[in-house]
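Encoded as structure tokens, the structure appears first; notes follow it.
The values are calculated or read from the model by the stated rules, or taken from the named source; none is laboratory data. On a predicted model such as this, the values are computed, not experimentally measured, just so you know. Cβ coordinates were reconstructed from backbone atoms using ideal geometry, including for glycine residues, and neighbour counts include every protein chain displayed.
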Amino acid sequence: MIEAVGPIKRKFAPWDDPTLKPFIRFENVTKRFGDFTAVDNLTLDIYEREFFALLGPSGCGKTTLMRMLAGFEQPTEGRILLDGKDLSGIPPYKRPVNMMFQSYALFPHMTVEGNIAFGLRQEGMDTSNINTRVAEMLELVKLEKFAKRKPHQLSGGQRQRVALARSLAKRPKVLLLDEPLGALDKKLREETQFELMDIQMELGMTFLIVTHDQEEAMTVSDRIAVMNHGIIAQIGTASEIYEQPASRYVADFVGDINLIDGAVTAVGDRIVTLHCAGVDATISAEAGPGEVAVGAEAGFAIRPEKVQISLEAPPAGTPNVLSGEVWDIGYLGDISVYRVRLAGGSIVKATVANLTRIVERPITWEDKVYLTWPADAGVILLK
Amino acid sequence: MNKSTSWFNITSLVVGFAFLYVPILILVVYSFNASKLVTVWGGFSTQWYVELVHDQAIIDAAWVTIRVGIISASFATVLGTMAALVLDRYRKFHGRALFSGMVYAPLVMPEVITGLSLLLLFVAIGFDRGFWAVVIAHTTLTMCFVAVVVQSRLVTLDRSLEEAALDLGCPPVKTFFLITLPLILPGVVAGWMLAFTLSLDDLVIASFNTGPGATTLPIKIYSMVRLGVTPEINAISTILISVIAVGVIAASVLSHRSQVEKEKAERAVFLTN
């Protein structure tokens, strides 16, 4: 019997609704440690029930930003608002946010139950309610059988679940997750990502995750802020950031990309034409954000999976053609990566999905190949 | 390299241990001597231990020593733990290097200097020399040892545990007692035991600061020896050695056992997964 499909998932985009007030607001926040500026005049709005990711390399200020929200660091300048209330001066133990630590920070001298109940006891909740809540949390993370164990008697994955249950037990308004899955192996990490999303939907809380793993950020979150040197390089949904990167930094940090430098020769309605001296080709693509002027330096960015690779020359007059020789082939199972060396010496990557199980692939090393793509497959980046 | 023991290794081991323990062994053996002459073996006897129990002066001195030890070790543990916390927590403050140097200086300071300076202080402020003067002097002597032991334990403590407690709504002071203290307790207890044994066998500092009615056991033994060594002294010394040995062994077992247990449990988890 086929059940009716569940409720249709509404498009969740509170950030597009001008009538909604942000739930968390970082307002011109700057944090300096001595000479080092960890967060630089940053303004960011996060909405209720949003799963928001701060993505960036280590040292980009993402963890500092989260620690300021938790109350472990104070902003040097600016302020942080939660649900309209200024958080400055409120110590961490009085903030309605809870954090799941990268190291999990489970209390080694307490049982799993004791760890989960810790925050509730601080609230002064009575014993029977604590027990009910702890049981609920154990069920949520599927650890009912491990209630009496000490943290060192658990595997890494189980510890991660205890840490999650402990940080959720107080039903905080916001849950902060600091690299929550960093210590897990790849398979477990992927499973846990989907579980995190389910839990977030079920409890209807606002989640803020800090991660350096772009796949993790793209999988779990509604929106991502890509950070670099204390500022936000771009905010958007996973697909906006991937398909419409605002800068070379974002394009390069999130996913794999081919970047070709050139100078603008023509500016059309939406399409911009570049002449790329290095590869001796003329490329047309959609313009990214910012004003484009003829003669400006610009970069053309295209994802490898959007480049088509072919042994046959395309008909004359086809725009966006590069030719070269197959330099390297990487077979990854689901896809194959072709690294094509152009006449000028630069390398362009093209990936092809391996849709059939044929053993012999038509394109091989040192073949002369043509790379083509439609005009809207790549973007022109000015920064 | 040859892993089996060579003659050289065995010889150095034997000589080294002989150097360390033969004098103590002789003292212990002669404490069970039936003869009154210290250097002549007259058969096995426990009579000197029996005599000891009936010597009120020695019992009094032992009682003073134990009380001084317990009180000064407790003071030293509180102060030493506080110093260790400050040194571990506040990585950057003006004069940190000076402060940490000053905490550890008594470790290498000649006891005569410590004793003399405390004596001068007590005289200057008009503090009566006696029981409490010895307690304060021993606290000064031993708190740096406690600080060292506790600090080595604090280094291994994950700071995020305390942050997690704060994050879950626990105020800082309560966090110290619920999270920090239980986790550094083996270090604190080991520090206390070390302080206690140090106080127990100190002669120099105690003799500078003692007064009437505050004769500690080492002072008593020292004054008895001046009149000649008796088997009774051997007996009391044997008891002192045993107490100190038990204290030191217990302290090291305490600090090792928790570590070993933790590793064992972690191995078990690793194997079952």
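Observations
- Single residue of the stretch B:146-186 satisfying the filter (of a type in the set (G, A, S) and modelled with pLDDT of 90 or more) that is farthest from the chain's Cα centre (by Cα): B:G169
- Flag for A:L54 being touching a Phe, Trp or Tyr at 6+ places or on another chain (Cβ under 7 Å), of a type outside the set (G, A, S) and more than 11 Å from chain B (Cβ to nearest Cβ): no
- Test: A:Y93 is among the hydroxyl-bearing types (S, T, Y) and either at the interface with chain B (Cβ under 10 Å from one of its Cβ atoms) or surrounded by fewer than 18 Cβ atoms within 10 Å (Cβ to Cβ) (or both): yes
- Filter pass, A:L208 being of a type in the set (A, V, I, L, M, F, W, C) and over 14 Å from the mean Cα position of the chain (by Cα): no
- Complete set of residues in the stretch A:292-301 that are surrounded by 14 or more Cβ atoms within 10 Å (Cβ to Cβ) and at pLDDT 80 or above: A:A296, A:A298, A:G299, A:F300, A:A301
- Residues of the stretch B:117-132 that turn out to be of a type in the set (A, V, I, L, M, F, W, C) and over 21 Å from B:V64 (Cα atoms), as a count: 5
- Meets criteria (farther than 30 Å from A:C276 by Cβ, in a loop (DSSP other than H, G, I, E, B) and at pLDDT 90 or above) for A:P172: yes
- Strands (runs of 3 or more DSSP E) completely within the stretch A:218-279 that count 3 or more residues being more than 26 Å from A:R49 (Cα to Cα): A:258-267, A:271-276
- Qualifying residue in the stretch A:149-167 (condition: within 11 Å of chain B (Cβ to nearest Cβ), over 26 Å from A:A70 (Cβ atoms) and either part of a helix (DSSP H, G or I) or touching a strand residue (DSSP E or B) at 6+ places or on another chain (Cβ under 7 Å) (or both)): yes
- Every listed requirement among (1) touching a strand residue (DSSP E or B) at 6+ places or on another chain (Cβ under 7 Å); (2) at pLDDT below 90; (3) not assigned by TED's automatic domain parsing to the domain that holds A:I283 is met by A:V210 save one, (2).
- Restricting attention to the stretch A:96-130 and to residues that are among the charged types (D, E, K, R) and under 18 Å from B:E163 (Cα atoms), the residue that is farthest from the other protein chains (Cβ to nearest Cβ) turns out to be A:R121.
- Index of the failed condition, A:H152 passing every other in (1) within 20 Å of A:I24 (Cα to Cα); (2) at pLDDT below 90; (3) touching a helix residue (DSSP H, G or I) at 6+ places or on another chain (Cβ under 6 Å): (1)
- Scanning the stretch A:310-336 for residues that are touching a residue at least 12 places away in the same chain (Cβ under 8 Å) and under 21 Å from A:G262 (Cβ atoms) returns A:P314, A:T318, A:P319, A:N320, A:V321, A:L322, A:S323, A:G324.
- A:P289 being modelled with pLDDT of 80 or more, surrounded by 13 or more Cβ atoms within 10 Å (Cβ to Cβ) and in a loop (DSSP other than H, G, I, E, B): no
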